[in-house]
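Here the structure comes first, spelled out in structure tokens, and everything after it is commentary.
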Amino acid sequence: MSDSTISKDAVVIERIFDAPVALIWQMWTQPEHFKKWYGPKGFTVPAAEMDVRVGGKHLFCMESPDGSMKMWSTGEYTEVVPNERLVYTDSPADENGNVVSPSDMGMPDGYPATTEVTILLEDLGGRTKMVMTHAGVPAGAGDGWEQAFAKMADHIEAVLNDK
């Protein structure tokens, strides 16, 4: 990615989950899991399409708690190393996956059209260290991710308890 596409700002969050690395990988790569946790508290994900391979695309829809707002995003997977590393671009989009201007989506001036999400996973012997870096967003934008990862932890617990 060029500096003109992705700004120097980034959110970096590290979490340790009491779950095997393969399950955390599934949280990021299987729509049925992704839809259960992605987005801030109260938000839902009515649509998540994922073609998880280098050059594959994704299309996500996040819906506000009251249903009044749907935010679509699309991007491309640029690195896929199962159970270790996942990198994808992310851009505001319409429901057909066409990239739209961030300002058309109500984003502040200067918000980049494309950002990049990197997920690093490390096996800690049955537990997993996850480091997520979202490059191109202001450092203060991490609250939504923190809320999403709390939802992820709850979903992981539910999945593990179902086994």
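Every number in this text was worked out from the coordinates using simple rules, so none of it is lab data. Just so we're clear, the structure is a prediction, and the values are computed from it rather than from any experiment. FYI the Cβ positions are ideal-geometry reconstructions off the backbone, even for glycines, and counts take in every protein chain you see.
Here are a few things to note about the model shown:
- Highest-MSF residue in the chain out of Ala48, Ala141, Ala150 [GNM, Cα springs under 10 Å]: Ala141
- Computed E for Met71/Val12 - FRET, C-beta separation, R0 22 angstrom, nearest 0.05: 0.45
- Theoretical ellipticity at 222 nm over the chain - DSSP helices of four or more residues, -39500 (n - 2.57) apiece, nearest 500: -7000 deg cm²/dmol
- Above-threshold pairs, the threshold being 18 Å between Cα atoms, out of Lys35/Lys151; Lys41/Lys129; Lys36/Lys57; Lys36/Lys70; Lys57/Lys129: Lys41/Lys129; Lys36/Lys57; Lys57/Lys129
- Label zone (Asp154, point 7 Å along Cα-to-C-beta; backbone nitrogen cut-off 18 Å) within the stretch 61-99: 62-67.
- Label point 7 Å beyond Cα of Glu49 along Cβ direction - residues of the stretch 78-96 with amide nitrogen under 19 Å: 78, 88-96
- Degrees separating the helix 142-162 axis from the principal Cα axis of the chain, which is the longest one: 30 degrees
- All Cα-Cα distances of the chain, cut into 10 Å bins from zero to the largest, leave 11, 40, 39, 10, 1 percent in each bin in turn.
- Estimated dipole of the stretch 10-162 in Debye, rounded to 20 [Cβ of Lys and Arg +1, of Asp and Glu -1, Cα centre]: 180 debye
- Rg/Rh for the stretch 40-112, where both radii come from Cα atoms and Rh is the Kirkwood radius: 1.01
- Per-residue ³J(HN,Hα) for the stretch 26-38, Karplus 6.51 cos²θ - 1.76 cosθ + 1.60, θ = phi - 60°, Hz, x for Gly and Pro: 4, 4, 8, 10, 10, x, 5, 7, 3, 5, 7, 10, 5
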